[in-house]
Amino acid sequence: MKYTLPFTINSGHGEQITFREIVPGENGDKVLLEGRCTPGRGPVMHVHYMQDEGFRVVQGKLGYEMPGKPPQYANEGQSVEFRRNTPHRFWNAGENELVIDGWVQPANSILFFLTTLYEASSKSKTGRPAPFESAYLLVRYKKEYDIYGVPAFVKKVIMPITYSLGVLLGKYKKFRDAPAPLS
């Protein structure tokens, strides 16, 4: 799938990302982005198996944590980096809008993955993406990304069944130009 940058996605639940540009790098293409979150909002605990990710706080206060560690905070001008295979979550820990400059490297499928995730979340009243889209992303790209807190039974049984049903029902025709998962 091709994206014309800059390109903005909105979760519909207080999170927005603008993918600004993609720059070539020694370790693969790097996606430069701007993120915005309303107070208390941010992604759930997740992991990028094949990417590093970093942020610099432009405005507000960023809270972040990794499993088994206490929450930490970054204020304006401070930076945070998450290396691949490091489960993490972050959120707006302040009272005003959080604005961050960030990057993800290598780019891999991040634009497609997050665009699909945010579109599915924006259609939901709960903020969670619809089951078929969740199953598509978490089954197809399981070697690249994972969401923590989803029970093992759901990941190993329910998601693959939902994914297979989605294939049978033609739910994923709209993703025929999706990037191939990395192996």
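Evaluating 6.51 cos²θ - 1.76 cosθ + 1.60 at θ = phi - 60° for every residue in segment 86-91, the Karplus couplings come out as 9, x, 7, 9, 8, 7 Hz, glycine and proline recorded as x. Between GLU76 and MET50, the modelled labels are 3.9 nm apart [label points 7 Å from Cα along Cα→Cβ]. Between rounded, prolate and oblate, where does segment 7-105 land on the alpha carbon gyration tensor, with a ≥ b ≥ c its root eigenvalues, rounded for a/c under 1.5, else prolate if a/b exceeds b/c? Oblate shape, in that a/c is at least 1.5 and b/c is the bigger or equal ratio. Among the chymotrypsin sites (Phe, Trp or Tyr not before Pro) within segment 33-120, those in coil by DSSP and having at most 16 neighbouring Cβ atoms inside 10 Å are TYR49. Take the Cα of ARG83, go 7 Å toward its beta carbon, and the backbone nitrogen atoms of segment 89-122 under 16 Å from that spot belong to 105-106. Go ahead and run the numbers for FRET between VAL157 and ASN10, Cβ-Cβ distance against an R0 of 30 Å, rounding to 0.05. Given R0 = 30 Å and the Cβ-Cβ separation, E is 0.40. Counting Lys and Arg as +1 and Asp and Glu as -1, what is the net charge of the other residues whose Cβ lies under 14 Å from the Cβ of THR18? Here the charged neighbours net out to -3. Across every pair of non-identical alpha carbons in segment 110-175, the mean reciprocal distance, once inverted, gives a Kirkwood radius of 12.1 Å.
Charges were assigned to the Cβ only: +1 to each Lys and Arg, -1 to each Asp and Glu. The resulting dipole of segment 45-131 about its Cα centre is roughly 340 debye. Taken about its Cα centre, segment 110-175 carries a charge dipole of roughly 140 debye when the Cβ of each Lys and Arg holds +1 and the Cβ of each Asp and Glu holds -1. Within the listed set LEU114, LEU168, LEU33, the Gaussian network model of the chain (springs between alpha-carbon atoms below 10 Å) gives the highest mean-square fluctuation for LEU168. The phi-based Karplus calculation (6.51 cos²θ - 1.76 cosθ + 1.60; θ = phi - 60°) puts the 3J(HN,Hα) values of segment 10-18 at 9, 6, x, 9, x, 10, 9, 10, 10 Hz, whole numbers, x for Gly and Pro.
Taken one residue at a time, the phi angles of segment 142-155 give Karplus couplings (6.51, -1.76, 1.60, θ = phi - 60°) of 5, 7, 10, 9, 8, 10, 7, x, 7, x, 4, 4, 5, 5 Hz. Gly and Pro are set to x. Extension gain, GLU95-LYS173: 0.36 nm per intervening residue step, less the Cα-Cα distance, totals 23.9 nm. The distance between label points at THR126 and ALA180 comes to 3.5 nm (points 7 Å beyond Cα on the Cα→Cβ vector). Pairs exceeding a 20 Å alpha-carbon distance, out of LYS61/LYS125; LYS123/LYS171; LYS2/LYS173; LYS2/LYS30; LYS2/LYS174; LYS69/LYS142: LYS61/LYS125; LYS69/LYS142.
Near the amide H of LEU33, within less than 5 Å, lie the amide hydrogens of ARG20, GLY102, TRP103, all on another chain or at least 5 residues away, with H placed in the peptide plane.
Every read-out reported here was derived from the displayed coordinates using simple, explicitly stated rules and does not represent laboratory data. Source: prediction; values computed, not measured. Glycine also receives a Cβ, built like all others from the backbone with ideal geometry; neighbour counts cover every protein chain displayed.
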